[in-house]
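None of the figures in this text is laboratory data; all of them are computed from the coordinates on show. Because the structure is a prediction, the values reported are computed rather than measured. Counting neighbours? That spans all protein chains shown, and the Cβs are built from the backbone with ideal geometry, glycine included.
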Amino acid sequence: MRRPAGLLVGVLVLALLSTVDGSAAPGPRVAPAPAPAPAALARPAPEPEPARAPVSQSPAPTPSAAAVSPAYDLLAAPPVADCPQGTVCADPIRFGARPDDGADDSAAFEAAVKAGGTVLVPAGTYLFSRPLRLRAGQTLAGAGMARTTLLLSWAHLANFSFDYVVSPESATATDVTVRDLTVDGGRRRSACADGAYTGSCVHNRGGGISVGTRWTVTRTRFTGLNYFKLWICAAQDVRILDNRWDNRAPGTGSGGEDNVGGGCATNGITLSGNRFDATLVGNVIDIARASGVRVDGNVSLTGSVFLEGVTDATFTRGSITGGGLNVLSNAGYESAAEYGNHNPSGVSVTDNRIDGAVWGINLRYSDRPGVSNRPGGGNVIARNTVTGAARVAILVTACQPGARTRPDTVTDNVVVDAGTDAADTYNSGCALLEPVGIAVAAGSGDTVTGNAVTDTRTPALTRYGISVGARYAPPTDRTVLRDNRVTGVPGGVEYHPR
């Protein structure tokens, strides 16, 4: 989803008193089927994230299952295209589809879908002039993501306005599987530049797959798409497993919308074992207003992740390069006026590797005036490794004291070489922060224990290991600091009194 515009900024320069207290420490792939500012004071708005080259200044972790899975090998042996006993199966070629001939295959696929059951698609490229609607209980299965391609006809892009190559026939089209194929949106670099929204590249046309309740999308490749590559909205129990996004394969282009987007009151999303290649355009994942979200073992070679207004969620065992993880409220969306604003609650971010982000892991609470605001809190950031963050590696901030009602935990994380931008202060949208490893400025009672913050550079650019409180943030007190290790950093712990 497009990032909402920030508010205008008013900056008040305050005298800062800080103390330094350096604390020393004691001795295969995932099976298919994480006192308020004065009213007159304008709060800082977030600075835009500049495009950044990947930065990695510590040894790479062992690749996750998503990094080595044969699901991403375009030359891997194709799956067995079988028709389970007792299942009705249809081959679009029986109904007139002809692969690789450049003719429209939409009618043949519609007839195969109407025949019911499993639609087995042989190898080849099939052209679509209009969306393909699947019915309840169906499976759409190709011969492998390198062999079967559903290609959107760019000449008929207008037929895909706010629409997708594959989508549910209706809200009752549940229990569907899409597997072992490529969805190609037909966007070519000769037609328009990446991210452009003018002329033939008009925005909101030509998405990949829109899913419904109990849909599974697995071993599917997304490329050349002009709109959301995969969309999840108002559904239940969705599984997105072992897929590949490489939006700009040779000669293709990509629109700027997200690779996985949506939310809108969905309960139950599993994103596991997926790979987002360095060619992607748009955010890796942007889910707003959802619950029961499980993000596990995904690899992103560029781009950021946004979980906004998400509750009861885990983000674990992931690898993100050149982008960060942002756990925010959904206050920036106009839909908050109708459905209310939800601050992050019960989110667990564990065992991830994040390299070269602007903000590494950004947990931020914010309310929206004039709407129903649900407070958040009780989130955990643990056992993550964050290297080369341009500003702050891990930050927990609040724009209003009432946006969070339960403290958070930041424990056993490893931070290396934060503050690569080498600026004096950074504007997080809720607070002004210095280049530090870990910053907590969201209220009372946070636990910050067992973390290691290191700067390997000469001179060091990380100013403090840990910052407690910040200018423009709510009062921050009763923070539990224990067993944190700070190495090669001029200051240990920085306190910002109110």
Please give the contour-minus-distance gain from Glu334 to Ala158: 0.36 nm per residue of separation, less the Cα-Cα distance, rounded to one decimal in nm. 60.8 nm
Quick check on packing: order 143-155, 363-375 by the mean number of other C-beta atoms within 10 Å, highest mean leading. 143-155, 363-375
Summing +1 for each Lys or Arg and -1 for each Asp or Glu, what net charge is found among the other residues whose Cβ lies under 9 Å from the Cβ of Val176? +1
Using a 10 Å cut-off on Cβ atoms, rank the peptides 397-405, 377-385, 245-253 from the highest mean neighbour count down. 397-405, 377-385, 245-253
I'd like to know how the range 130-221 sits against the 2.2 N^0.38 Å rule of thumb: what's its Cα Rg over that expected value? 1.12
Cα principal axis extents for the range 282-335, largest first, Å: 31, 22, 12
Given charges of +1 on the Cβ of Lys and Arg and -1 on the Cβ of Asp and Glu, with all other atoms neutral, how large is the dipole of the range 116-270 about its Cα centre, in debye to the nearest 20? 300
Which value in Å is the Kirkwood Rh of the range 213-348 over different Cα pairs? 14.7
Counting every Cα pair in the range 317-374, what percent are over 20 Å apart? 37
Descending Cα extents along the principal axes, the range 361-488, whole Å: 49, 28, 21
Rg (Å, one decimal) plus Dmax (Å, integer) for the alpha carbons of the range 303-438? 14.3, 42
Roughly speaking, what is the centre-to-centre gap between the range 420-459 and the range 333-391 when only Cα atoms are used, to the nearest Å? 16
